[in-house]
Amino acid sequence: EFEVELNPELAPKSVQQLLRMVRVGYFNQGIAFFRVNQWITQFGVDHHGRKPDPFKMLRKPFDQDRNPYGPGKSKDDLRKRKAHPWKRGTFALIGGTQMIIVRKANPQMGTNELDAPAGTVVRGMEEVIDQLDHSYGNAVDSNGKGPDQVRIMNEGNEHIHREFPKTDFIQKCWEVS
């Protein structure tokens, strides 16, 4: 288990979307950690082709939060964002249903005007996130090798179970007050 403390003051729209996802059971369908590298782990994509699709509404674009430390494109806003880089354990919704957790700080993370940190992993970084399998690489960082988010969208998790059986999944997620 790992625990994320959400921060609605920094990213209210992202927190609202994440809570919607938890409350309708989105994570309980088995969500693959499809991109794990030295900097981040990325997850949240699911099968888009099922009929009926109980999660279609969650994937629709929504008005994303702006970076609270400088929401615009000016040099001054960029300077402000660079003064608040994402740290290890930063949790962010990066659009629709996809999330990242920062595994190792990188001065470029959190510098985009749409990079709004929604929370922080407060328990389980070493025990869970650092132990996620990364032996396959991933389609983004490994020239098309490893778990592929497009294939997850088109085929579901079957190809992951078949071709990448050591891939880790979220099996259940719940809200704690």
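Summary table below
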item	result
Set K60/K82; K13/K73; K73/K145; K56/K82 screened for pairs whose C-alpha atoms are more than 25 Å apart	K60/K82; K73/K145; K56/K82
Carbon and sulfur %, accessible surface of the chain computed with the full protein complex present, 1.4 Å	52
Anisotropy class of segment 1-147 from Cα gyration tensor, a/c 1.5 cut	oblate
Straight-distance crosslink candidates among aspartates and glutamates, where the alpha carbon sits under 16 Å from K166 and sequence neighbours closer than 8 are dropped	D130, D133, D148, E158
Residues M57 and S177, FRET efficiency given R0 of 25 Å [Cβ-Cβ distance, rounded to 0.05]	0.50
³J(HN,Hα) computed for each position of segment 30-35 - Karplus, 6.51 cos²θ - 1.76 cosθ + 1.60, integer Hz, glycine/proline x	x, 9, 7, 7, 7, 10
Under-5 Å amide H pairs with R123, H placed in peptide plane, nonlocal only	E3
Nitroxide proxy distance, nm - points 7 Å out along Cα→Cβ at K104 and R50	3.6
DSSP bridge pairs, the chain: antiparallel proportion in percent, nearest 5	100
Formal net charge of residues neighbouring W39 (Cβ-Cβ distance under 13 Å; K, R +1; D, E -1)	+3
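The values are calculated or read from the model by the stated rules, or taken from the named source; none is laboratory data. Just so we're clear, the structure is a prediction, and the values are computed from it rather than from any experiment. Every residue, glycine as well, gets a Cβ built from its backbone with ideal geometry; the counts of neighbours run over all protein chains shown. Side chains included, ligands, DNA and RNA excluded: accessible areas come from the protein's heavy atoms. Shrake-Rupley method; radii C 1.70, N 1.55, O 1.52, S 1.80 Å.
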